[in-house]
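A short write-up of the structure that comes next.
What follows is calculated from the coordinates using simple rules that are stated; it is not laboratory data. Since we're looking at a predicted model, the values are computed, not measured. Note that each Cβ is placed from the backbone with ideal geometry, even for glycine, and that neighbours are counted across all protein chains shown.
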Amino acid sequence: MSELTVAPARHGPFPGRLEPEVIAAYAAATGDQTAAVRTGMAVPAVFPVILVFVAQEAARADMPAAAWERARGGVHGEHNIVLHRPLVPGEPLDTWSQISAVRTSRAGTHVVVHLEQSDPDGRIAVEQWWTMVLLGLNGVADLGSMPADHRFPDHARANPLGSISHHLDARLAHRYAQVSGDWAAHHFEIDVARAAGFDFVFTHGLCTMAICTHRLLDLLGVEDPGRVARVAVRFTSPTPLGEELTVNAYGIDQNSFAFEATSRGVCTITHGRLELRP
């Protein structure tokens, strides 16, 4: 079987805006209790993800057709967001996308899409790295550099900060889909979820990431989402609707924190990292 190579192009710009009314709807959907966010007057750290779906699909299309044919399927493996400054409600952001890295592991081929979100002057406000795993796929040439590491540091286990829970009600996926535009059927139809190997419908991974971020900021007593400089996670299992999500937090240093999330006794997010501006 011949080795596949990826020839990535830069795609964009894809225009978007941090609309206050959408921010408020996003806060309601993800359970963000921050007063300024609920009124659309502050931007949550994970909110920029809802502006990148078309851009990341454009970049993923640069994968060779044979890669999709050989893979058993694809999952969202990791997501990493770096916020270079606090975001301003109402400001426009253009998104650019490009496949920045490809690596093969035992699970399959990891494809990283790098997303840059810039203001009207071309200054980058947000960077995201969306890692997809094409299951069972090998024989793809390595490309580029992988995103910055966010593995859980062993020493952080000695500094637990506490736990906080959030109930994922049955309508959560509908509310999130209304603001994100992601109506993938496995979040709503049990037969589709079972076909994917799960006996439950589950929330969107990026919604779970947002909830973890909100709850961790609550636990830390941080009311200003503009203090978040970075948040990154690894998705290990879908998070079922109608259940409790528990976020466990640990200190790394004064402004860096590790976290994990569990539901029904199963880790759904591992290697979580939150970094704050001083």
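A few remarks follow.
- Nonlocal amide H pairs with residue 169, under 5 Å, H built at 1.01 Å: 242
- GNM flexibility winner over the chain from 106, 70, 264 (Cα, springs under 10 Å): 106
- Remark on residue 90: its backbone amide H falls under 5 Å from those of 18, 19, a criterion applied only to residues 5 or more positions apart or on other chains, H modelled at 1.01 Å from N.
- Volume per residue for the range 54-136 equals 97 cubic angstrom (convex hull of Cα atoms).
- Cα shape, the range 188-278, gyration tensor, a/c 1.5 rule: prolate
- Sequence-ordered 3J(HN,Hα) estimates for the range 20-27 from the Karplus curve with 6.51, -1.76 and 1.60 and θ = phi - 60° stand at x, 5, 6, 4, 4, 5, 5, 4 Hz, glycine and proline given as x.
- Relative compactness, the chain, computed as alpha-carbon Rg over 2.2 N^0.38 Å: 0.97
- Only helices enter the 222 nm calculation for the chain: every DSSP H run of n ≥ 4 contributes -39,500 (n - 2.57), and dividing by all residues gives -6000 deg cm²/dmol, rounded to 500.
- Amide proton proximity set for residue 252, modelled H, under 5 Å, gap of 5+: 257, 258
- Residue 185-residue 41 FRET efficiency (beta carbon distance; Förster radius 22 Å; 0.05 resolution): 0.05
- If the segment from residue 200 to residue 146 were pulled out straight at 0.36 nm per residue, it would be longer than the present Cα-Cα gap by 16.2 nm.
- Modelled FRET efficiency - R0 41 Å, residue 266 with residue 91, Cβ distances, 0.05 increments: 0.60
- Relative packing of peptides 35-46, 7-18 - highest average C-beta neighbours within 10 Å first: 35-46, 7-18
- Average Cα contact separation per residue, the range 142-215, under 8 Å, 6 or more apart, as relative contact order %: 24 percent
- Whole-Hz ³J(HN,Hα) from phi, Karplus 6.51 cos²θ - 1.76 cosθ + 1.60, for the range 60-77, glycine and proline x: 4, 5, 7, 5, x, 4, 5, 5, 5, 5, 7, 6, 7, x, x, 10, 7, x
- When Rg and Dmax are taken over the Cα atoms of the range 95-235, they come to 17.8, 48 Å.
- Calculated from the alpha-carbon coordinates, the range 97-178 shows an Rg and a Dmax of 18.0, 45 Å respectively.
- Taking the range 154-258 and dividing mean pair separation by its residue count, relative contact order in percent (alpha carbons under 8 Å, at least six apart): 46 percent
- Working ranking of peptides 146-157, 246-257 by packing, defined as the average number of other Cβ atoms within 10 Å per residue, highest first, is 246-257, 146-157.
- Here the 3J(HN,Hα) profile of the range 220-237, calculated from phi with Karplus coefficients 6.51, -1.76 and 1.60 at θ = phi - 60°, is 7, x, 9, 9, 9, x, x, 6, 6, 9, 7, 9, 9, 8, 10, 8, 10, 7 Hz, Gly and Pro shown as x.
- Ranked by the mean number of other Cβ atoms within 10 Å of their residues, highest first, the peptides 56-64, 204-212, 269-277 fall in the order 204-212, 269-277, 56-64.
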